[in-house]
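Remarks on the structure that follows.
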Amino acid sequence: MSTLGQRIGRYLDRLAVLHAFRRPPKPKGAAAVRSPSSSGAKTFESEVPPPPAAVVLNQLHAVLDALWEGSQRGLAPTDAVARVLPLVPRRGPSSIPGAGTGLFATSPASTSSEGKQQVPPGTLMALYPGTVYGSQDPVLLASVGNAYILRRGDGILVDGKTTGLSRWVAQGLGRRYQGTGARWPPCDMTWVEGPLLRNPLAVGQFVNCGDEATEAGRANVAYVDFELDLGRLPLHLHQYVPNVPYVAPVGYPKLAGPTYSVALGTARAIELKLAAAEEEAEALSALARASAPEEGTQVIMPMVGLVTTRVVHAEDELFSTYCIWE
């Protein structure tokens, strides 16, 4: 069981006003993965580092596509995600005494096979939903007494609390960005409004910190920071992104009007992705990226995914750690 000092330390790490006195943000482009620290924590041979952010991003795109296709076929969101992920997250009472709600890997009823499913290391299991605060955004009031604010490696904060001031702020932003006549919302707000989730992966804030001293309670997922380019994401998929910016970046929100075509939107996204790959192959300089056509202008949404670091079986509870893997 955690000592009082450890509990206080985990709380202070989330109090936004103290972030300036803690470790400096990592430079853009540096690795930003939270996982067991090498200092004092037991390392198990079966544990492997999470994959690069690009791999996690590809898995997210597959999940978003599956959610859209499932909605067109009348599938429940969990069943739709199960078409690309063997296991999906489920909230339930944690196995840690006094820890409240925890997160478990489970098989949807429609795909269950006597609980024998498993996922390998490097699998995206959940997303950390919430309001995204930049380093200059006013987050102090929302951070007081808030154990659900997660700090990314670059200093950006994600507030995943579903009650109190955090709930009020998130709902207000969702209504602000919802344009009149838009066919779909610009983001997924069901993580805070509930009870049914549009994106079943938007439950990452309920992962508990494990006990590295025991085999059953050691961490099996790690936090991985990545950026989703909404400028290259088909508009009909924005409704499954469970994050909302406190201050909208240029070009946000991107909404689908009455004349929007799903087929054309998907084709255009593929064209932009191929064009981006060609540009990266030709030149990786910032000048080359800045010369891209306006239609493909980046609209970046900072996100955090929880990715398995070892094999996870059906009904295993997911555990992480609040340390930084340097």
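The order of the peptides 152-160, 224-232 by mean Cβ neighbours within 10 Å, most packed first, is 152-160, 224-232. Annotation: per residue accessible area for the stretch 189-259 equals 33 Å², rounded to a whole number [probe 1.4 Å, protein chains only]. Taking 0.36 nm per residue of separation and subtracting the current Cα-Cα distance, fully stretching the chain between residue 48 and residue 313 would add 93.8 nm.
Calculate, in nm to one decimal, what residue 73 and residue 140 gain on full extension: separation in residues at 0.36 nm each, minus their alpha carbon distance.
On the way: separation 67, 0.36 × 67 = 24.12 nm, distance 4.37 nm.
Length gained, residue 73 through residue 140: 19.7 nm.
The values are calculated or read from the model by the stated rules, or taken from the named source; none is laboratory data. Since we're looking at a predicted model, the values are computed, not measured. When we count neighbours, we look across all protein chains shown, and the Cβ atoms used for this are built from the backbone with ideal geometry, even at glycine. Surface accessibility is based on the protein's heavy atoms, side chains included, excluding ligands, DNA and RNA. Shrake-Rupley method; radii C 1.70, N 1.55, O 1.52, S 1.80 Å.
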